[in-house]
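What follows is a set of notes on a single structure, which appears directly below.
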Amino acid sequence: MIFKAKYIGCLAKKFLTRSLKKAGRTRIILPNTFYVEFDGNPIIVTRKRGRAPLNINLSQAQGESFQRIIQPDLRILFKGDTLKIGNIIVDLRHVEIYECMGLDLDSLRVSDDELVKASFILSRLYDLVEGRFLVIYRTSQFHDFLTNIVKPFANGVEDVVQNPEPYRKLMGLGQGFTPAGDDFLSGFLATLNASSKIYGFKGFFLSKDDILSSTSWASGMLLYYSQYGYVGEGVSKIVQSLRDKVGFSDALMDLVRIGHTSGLDISLGVLVASSMILDLVRSKGILSRVIRHFWTNF
Amino acid sequence: MSAIKEEVEKANKEAVERMMESEPIWIDMGLAKDKIPGMKDYMLIHAGPPVTWERAAGPMKGALIGAVLYEGWASAPEEAEKMLASGEVKFEPTHYHNAVGPMSGVISPSMPVYEVYDKKWGNKAYSNMNEGIGKVLRYGAYSKEVLDRLKWMAEVLYPVLKATIDEIRSEKDGLPFKPLIAQALQMGDDCHNRYYATTYLFLKEITPYMLRTNIDKKDLIEAYKFMAANPFTTLNLGMASAKAMTLAAHNIEYCTIVTVMARNATDTGIWVSGLGDRWFTAPAPIPKGVWFPGYSEKDASGDLGDSSITETAGFGGFAMAAAPAIVSWVGGSVQLAIETTQKMYEITYAKHKYFQIPYLNFQGTPTGIDIRKILKTGIVPTINTGIAHKDPGVGQIGAGIVSFPMKLFKDAFKAFAEKYGL
């Protein structure tokens, strides 16, 4: 069985070509996506459309569930322009590279009203999942994070973001393939670290060991690379939209569709981080206007 | 639970409950100028959001020209066009007048219309009479044959239906239409593009009253034959009923339920209950469909018509699983019809209390399109529709399936946030 690849992300390409062993194993198999560990690095092979640094996007959008045709822990070989997984071949010959441009922020021009509008939209969309999935903003870990990191930072205590404890409490929090806490932190750290270059404060990066001792391998790997700006198209679009006065809520409404709550949680991370940073550098009060839609006692 | 969440939940529940409990009854016939509120001389109403003459697409222009000729305001298409372009004849959306019309939806002052009354909530809604398929005004055709048919409908069909409803009214309130839709959904109609069972049920109901009128027998037979031969006879009454149902759900503060979805071939537009009569628009998409011989997608105009009011009220394309035979008309497979209905449950607030689908174990139809759910799932409303030729004067060239653009719902939700969230 041959699958033609349409796009390959910059990191996925790097991991394949720079690998010495040129071999890996399948780790997690989902109906339309499977995760591969290649010399310790993650590569995601998917039928879904969204491009990302770790992804190989197949051209065929539909087909038999991968869970029926691929087993976990199967040996994978990279040879020439193909990935061989048992009887399956992923053909990379005419693949387009999805370049990793990084999160190219030069300033945060987003208006206060745009952020408040987005927070209202997000909170109303969280209403739809309440009772079925964990709503992260209702958890004590989230409140702890706001109290110990977000609020002090917004008030000018920049070093507070270096305290790893509140991050550890959030990692792995929630159910599903990527727990809500990991998704929130992905959005939060991607925004924080992309903005640190503009405003000259120190960013924060979780270590791989710290992440993998707190959450699952696949979700942890996504979080690890997100904090360096290696994010998929949807997340990239929402972070980049912070450069413009309006457009953030549009980007948010595109992202919220991902997963059961993943899109919501990543968006919340971007929203909280950007409001916190804007309170620090521009106006006071935007953070509380945003958070009041999620936590009235903030 | 936050206060706003409670408000939205309460509002949506109330809106959908009101929509489902609405009791539309056909109560009268009359000329548009006498019945439709705000209808004036030298004024036409049309389907979808507002559009200027310059931006209007071929079939809309054709139908407007035809209506001007029908009224006798102009004697040639060129003259009619000048009157429309100059503003001498005004045109505006049907929905501003609690009216609906299929495809171009063009209604002129002396066209006869159905009057539907919502016995439960007191609203009235209107629609014109159906001409059949093919070369007809609503698809933008305006040849002599089209105008002659409209004249015949006004001179023969209208008096028959008027006398019939008067007879019905001498005995009861009128003809309740919701039970007909509920029954027809269990007989293989979806009540948007398939109205066979509804039309037969309608004729069964009205025939005894028709026979009791003093109308000349020849006219009665002609009228009966025309209605029996046209499977879309009851489309317009179904649409007016749907309009009455959705009116009951409109203008409720904090409500995120869609109360109008309509297209004019240039743009497609929606209203959301909590945002009043404000249009949110996007370019009208071109349907994917089954083409009449000699035509293809390249001949098609953008989608048009108010008929998506049926899906807004919880039937039509949302009930396609009830009407497997519809795929022979709009294309696709039976499986697609079932999947379309199943997907629509993900973006609607409730399952209808009275409209049920036998194949889905008599589940209620998906009812009450919630803009929040559309944004969360990425699933947009899908309907079935007729397809008009892109040029004026040609008419229908097929039927198919079309999805509403996501932009409509994004823009509406942004406006909702501006109104209630800032």
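Each value in this text was obtained by applying a stated rule to the coordinates, not by laboratory testing. Values in this document were obtained by computation on a predicted structure and should not be read as measured data. Methodologically, a virtual Cβ is constructed for each residue, glycine included, from the backbone with ideal geometry; neighbour enumeration extends over all protein chains shown.
In this calculation the C-beta distance from A:ARG18 to A:ALA61 is compared with R0 = 30 Å, giving a FRET efficiency of 0.50. When the charge dipole of the range B:23-239 is built from unit charges on Cβ atoms (+1 for Lys and Arg, -1 for Asp and Glu) and taken about the Cα centre, the candidate among B:SER127, B:SER110, B:ALA76 whose Cα reaches farthest toward its positive end is B:SER127. If you restrict to DSSP beta bridges whose two residues both lie in chain A, what percentage is antiparallel, to the nearest 5? For chain A, the DSSP antiparallel bridge percentage is about 70. Database note for the protein assembly as shown: Cys without another Cys beta carbon under 4.7 angstrom, B:CYS191, B:CYS255. Counting every alpha-carbon pair across the range B:1-97, the share separated by more than 15 Å comes to 70%. Exposed loop sites here are GluC sites (Glu not before Pro) assigned a DSSP state other than H, G, I, E or B and surrounded by at most 12 other beta carbons within 10 Å; excluding them, the longest clear run of chain A is A:100-298.
Mean-square fluctuations from a GNM of chain B, with a 10 angstrom spring cutoff on Cα atoms, peak among B:GLU155, B:GLU71, B:GLU54 at B:GLU54.
Taking a temperature of 4 °C and a viscosity of 1.567 mPa s, what whole-number D in µm²/s does Stokes-Einstein yield for the range A:136-227 with Rh from Kirkwood over alpha carbon pairs? This corresponds to a translational diffusion coefficient of 98 µm²/s. Taking amide H as placed 1.01 Å from N in the peptide plane, the amide H of B:VAL260 sits under 5 Å from that of B:TRP271, each at least 5 places away or on another chain. Considering only B:ASN236, B:ASN251, B:ASN130, the mean-square fluctuation computed in a Gaussian network model of chain B, springs between alpha carbons under 10 angstrom, is largest for B:ASN251. Rounded to the nearest 20, the size of the Cβ-charge dipole of chain B about its Cα centre is 620 debye, with Lys and Arg at +1 and Asp and Glu at -1.
Between the residues B:TYR354, B:GLY30, B:ILE181, the greatest Cα displacement towards the positive end of the dipole of chain B, with unit charges on the Cβ of Lys, Arg, Asp and Glu, is found for B:TYR354.
Computed over the range B:277-361, the quotient of the alpha carbon radius of gyration and 2.2 N^0.38 Å is 1.24.
The per residue volume of the convex hull around the alpha-carbon atoms of the range B:249-420 is 106 Å³. Its relative contact order, with pairs defined as Cα atoms under 8 Å and 6+ residues apart, puts chain B at 21 percent.
In Å, what Kirkwood hydrodynamic radius results for chain B from the alpha-carbon pair distances? Computed over chain B, the radius equals 21.1 Å.
For every other residue with a beta carbon closer than 11 angstrom to the beta carbon of B:GLY316, add +1 if it is Lys or Arg and -1 if Asp or Glu, then tell me the sum. So the surrounding residues net to -2.
Residues B:HIS97, B:HIS192, B:HIS250, A:HIS94 in ascending order of nearby Cβ atoms (within 10 Å, fewest first): A:HIS94, B:HIS97, B:HIS250, B:HIS192. Shape class of the range B:193-271 from the Cα gyration tensor (axes a ≥ b ≥ c, square roots of the eigenvalues): prolate, since a/c reaches 1.5 or more and a/b is larger than b/c.
Mean separation of Cα pairs under 8 Å and 6 or more residues apart, divided by the residue count, gives the range A:112-291 a relative contact order of 31 percent. Stokes-Einstein diffusion for chain A at 37 °C, viscosity 0.692 mPa s, with a Kirkwood radius from C-alpha pairs, works out to 167 µm²/s. Taking a ≥ b ≥ c as the square roots of the Cα gyration tensor eigenvalues, the range B:23-239 comes out prolate, since a/c reaches at least 1.5 and a/b is larger than b/c.
Remark on the protein assembly as shown: Rg and Dmax equal 29.2, 95 Å (Cα only). Each 10 Å bin, from zero up to the one with the longest distance, holds this percent of the alpha carbon pairs of the range A:1-51: 23, 57, 19. Mean silhouette area of the range A:2-98, derived from the convex hull of its C-alpha atoms and averaged over all directions, reads 5.1 nm². Remark on B:GLY395: its backbone amide H falls under 5 Å from those of B:ALA141, B:HIS389, a criterion applied only to residues 5 or more positions apart or on other chains, H modelled at 1.01 Å from N. Once you've got the GNM for chain B with C-alpha springs shorter than 10 Å, pick whichever of B:TYR254, B:TYR345, B:TYR359 has the biggest mean-square fluctuation. Looking only at B:TYR254, B:TYR345, B:TYR359, the largest GNM fluctuation is found for B:TYR359. Both radii come from the Cα set of the range B:230-342: Rg as radius of gyration, Rh as Kirkwood radius; their ratio Rg/Rh reads 0.99.
Using Cα atoms only, what is the angle between the long axis of helix A:262-281 and the major principal axis of chain A, expressed in degrees (0 to 90) to the nearest 10? The two axes meet at around 40 degrees. The dipole here belongs to the range B:367-422: it is taken about the Cα centre, uses +1 on the Cβ of Lys and Arg and -1 on the Cβ of Asp and Glu, and is about 260 debye.
Taking the charge dipole of the range A:163-298 about its Cα centre, with +1 at Lys and Arg Cβ atoms and -1 at Asp and Glu Cβ atoms, the residue from A:SER236, A:GLY259, A:GLY176 reaching farthest to the positive side is A:SER236.
Under the membrane-span-like helix rule (DSSP H runs whose alpha carbons stretch at least 24 Å along the helix axis, mean Kyte-Doolittle hydropathy -0.5 or higher), chain B yields B:196-212. If you take every DSSP beta bridge fully contained in the protein assembly as shown, what fraction is antiparallel? Give it as a percent rounded to 5. Roughly 80 percent of the beta bridges in the protein assembly as shown run antiparallel, per DSSP. In the range A:2-98, Cα pairs under 8 Å separated by at least six residues give a relative contact order of 37 percent.
Among beta bridges identified by DSSP and lying wholly in the range A:2-98, the antiparallel ones come to about 75 percent. Calculated on C-alpha atoms, the gyration radius of the range B:334-422 divided by its Kirkwood radius gives an Rg/Rh of 1.08. An oblate overall shape is assigned to the range B:306-347, the ratio a/c of its alpha-carbon gyration tensor axes (a ≥ b ≥ c) being 1.5 or greater and a/b not exceeding b/c. Relative to the longest principal axis of the Cα atoms of chain A, the long axis of helix A:112-127 makes an angle of roughly 60 degrees. Entry note: the range B:19-72 has Rg to Rh equal to 1.07, where both radii use alpha-carbon atoms and Rh is the Kirkwood radius.
The charge dipole of the range B:23-239, taken about its Cα centre with unit charges on the Cβ atoms of Lys, Arg (+1), Asp and Glu (-1) only, comes to about 300 debye.
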